[in-house]
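> I'd like to ask some things about the structure below.
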Amino acid sequence: MVKIIYDEKICVRCGACATESENGGIKFECGKIIIDKTKNEDWQTIAAICPVAAIIVKNIISNV
Ligand code: SF4
């Protein structure tokens, strides 16, 4: 399971993450980044292309 952290204060709205999003997990609308964490995306790749590291993906280890 992953946790996606988006810091809109450092995001420069370049739109690269939305372009990389294949299943609607990230949309760039009206100058805002909208993230839907429930969508199946390659979040690691999306985080890696962000030029300012505004998206961070953390792996959560479940003990269930
Ligand atoms: S790639 Fe990073 S800086 Fe660019 S819009 Fe997405 S979150 Fe913002």
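None of the figures in this text is laboratory data; all of them are computed from the coordinates on show. In this text the structure is predicted, and so the values were computed from the model without any measurement. All Cβ positions, even for glycine, are placed from backbone atoms using ideal geometry, and neighbour counts span all protein chains on display.
> How long, wide and thick is the range 19-58, going by the Cα atoms along their three principal axes, in whole angstroms, largest first?
Each principal axis gives a Cα extent; for the range 19-58 these are 24, 22, 16 Å.
> Before rounding to the nearest 500, sum -39500 (n - 2.57) across all DSSP H runs of length at least 4 in the chain and divide by the residue total; then give [θ] at 222 nm in deg cm²/dmol.
After summing the helix terms and dividing by the residues of the chain, the value is -4000 deg cm²/dmol.
> While we're on this one: Can you give the Kirkwood hydrodynamic radius for the range 1-45, in Å, rounded to one decimal and based on Cα pairs?
After inverting the mean inverse Cα-Cα distance, the result is 10.9 Å.
> Here is a follow-up. Can you list the aspartates and glutamates whose alpha carbon sits under 15 Å from that of residue 39, skipping same-chain ones fewer than 8 residues off?
20, 22
> List the aspartates and glutamates whose Cα lies under 14 Å from the Cα of residue 27, skipping any in the same chain that are fewer than 8 positions away.
Partners found: 8, 36, 41.
> Same structure, new question: Whole-Hz ³J(HN,Hα) for each residue in the range 27-34, computed from phi via Karplus 6.51 cos²θ - 1.76 cosθ + 1.60 with θ = phi - 60°, x for glycine and proline: what do you get?
Going residue by residue, I get 10, 10, 10, 6, x, 10, 8, 10 Hz, with x marking Gly and Pro.
> Continuing with this model, one more query. At what distance in nm do the modelled label points of residue 38 and residue 8 sit from each other, each positioned 7 Å from its Cα along Cα→Cβ?
A separation of 2.0 nm, rounded to one decimal place.
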